[in-house]
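Step one of this worksheet: look at the structure below.
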Amino acid sequence: MKVILNFAISADGKIGCHTGGASKFTSQQDLQRLWDIRLRADAILVGRGTLEADQMSLTIPAELNPPRQPLRLIASRKGQFDSSHPVFHKAGGEIHLLSTESTAPPRKGCAVHHMSLLDFLTYCEQELKIETLLCEGGGELVRSLAELNKISEINLTLAGHTLIGGAQAPGILGNLSEHLPASQHFSLTHCEPLENGECFLTYTSL
Ligand SMILES: NC(=O)c1ccc[n+]([C@@H]2O[C@H](COP(=O)([O-])OP(=O)(O)OC[C@H]3O[C@@H](n4cnc5c(N)ncnc54)[C@H](OP(=O)(O)O)[C@@H]3O)[C@@H](O)[C@H]2O)c1
């Protein structure tokens, strides 16, 4: 299973500011690219923090005529999901809730899993037959994927027109923390500068 990431990053490598909230510092073209990347995915995975900050429904707009809606996978340690969140009220792909540390209660219309992130990735590949899993963040969840050495492709919209700053503002591996157990290396496979000062980049694992 290919695990691909998609992030918008500022010139100083930040994906948002330290107060959280939605990270909308990029353009309409970046949004269009998000839809294109979602169209390649069998499933979209997000951490509960991003789901809430960005009020995501994890769907592809009907006007883009998606052949199918990707499965919607939401990761939590504590397993406490807000029932009023739009993801639970908008039609879309099947919802799978992962709770790694506590048992989440059953939820109508969702599959609930209590297992480690690594076991869940195996389940996604072997039982759900997911070939391309798109992780849209946030940094904390992606840090765990990196520690498991599971990242196959990184899509970035480099928004070099913006500086965010802040020691507490996250990058794609979340807040400043320990080094990874070992550096990981990727090769540049796509580079597309836009007239608006942004650049679409794709890096593929070596
Ligand atoms: N610029 C961009 O492209 C971009 C993309 C994505 C997100 N963001 C920004 O990033 C911020 C949100 O990031 P965040 O730090 O809250 O990260 P996050 O990874 O989305 O959410 C953190 C939460 O996800 C769950 N989680 C994380 N790692 C896990 C793991 N290994 N196993 C199980 N559950 C795990 C935990 O949920 P529980 O608390 O429920 O246990 C954790 O508290 C927002 O401001 C958002 O706008 C920006």
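Any read-out appearing in this document is the output of simple, stated calculations on the displayed coordinates, not a laboratory observation. Just so it is clear, the model here is predicted, and its values are computed rather than measured. FYI the Cβ positions are ideal-geometry reconstructions off the backbone, even for glycines, and counts take in every protein chain you see.
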Lys and Arg at +1, Asp and Glu at -1: neighbours of residue 84 with Cβ under 15 Å from its Cβ sum to +2
Counted neighbours (other Cβ, 10 Å), sorted fewest up, put 192, 178 in the order 178, 192
Percent of all Cα-Cα pairs per 10 Å bin for the chain, counting from 0 up to the last occupied bin, reads 8, 35, 40, 16, 1
Stretched fully, the stretch from residue 177 through residue 194 gains (0.36 nm per residue minus C-alpha distance, one decimal, in nm) 2.9 nm
With a 26 Å threshold on alpha-carbon distance, the violating pairs from 14/90; 78/108; 78/150; 24/108; 24/90; 24/129 are 14/90; 24/108; 24/129
With residue 166 itself left out, Lys, Arg at +1 and Asp, Glu at -1 over residues whose Cβ is under 13 Å from its Cβ give 0
Relative contact order in percent for the chain (Cα pairs under 8 Å, 6+ apart) equals 30
Contact order relative to length for the range 89-206, counting C-alpha pairs under 8 Å separated by 6 or more residues, stands in percent at 21
Scoring only Lys, Arg, Asp and Glu (+1, +1, -1, -1) among other residues with Cβ under 13 Å from the Cβ of residue 49 yields -1
For the range 156-162, in residue order, the Karplus 3J(HN,Hα) values (coefficients 6.51, -1.76, 1.60; θ = phi - 60°; whole Hz; Gly and Pro = x) are 10, 9, 7, 9, x, 7, 10
In the range 36-163 the DSSP beta bridges are antiparallel at a rate, in percent to nearest 5, of 0
With Cα coordinates, the longest principal axis of the chain makes an angle with the long axis of helix 28-40, in degrees rounded to 10, of 50
Taking 94-103, 193-202, 41-50 and ranking on average Cβ neighbours within 10 Å, highest first, one gets 41-50, 94-103, 193-202
Sorted on mean Cβ neighbours within 10 Å (highest first), peptides 65-78, 163-176 come out as 65-78, 163-176
Applied in sequence order to the range 119-129, the curve 6.51 cos²θ - 1.76 cosθ + 1.60 (Karplus, θ = phi - 60°) yields integer Hz couplings, x standing for Gly and Pro, of 5, 5, 5, 5, 4, 4, 6, 7, 9, 8, 6
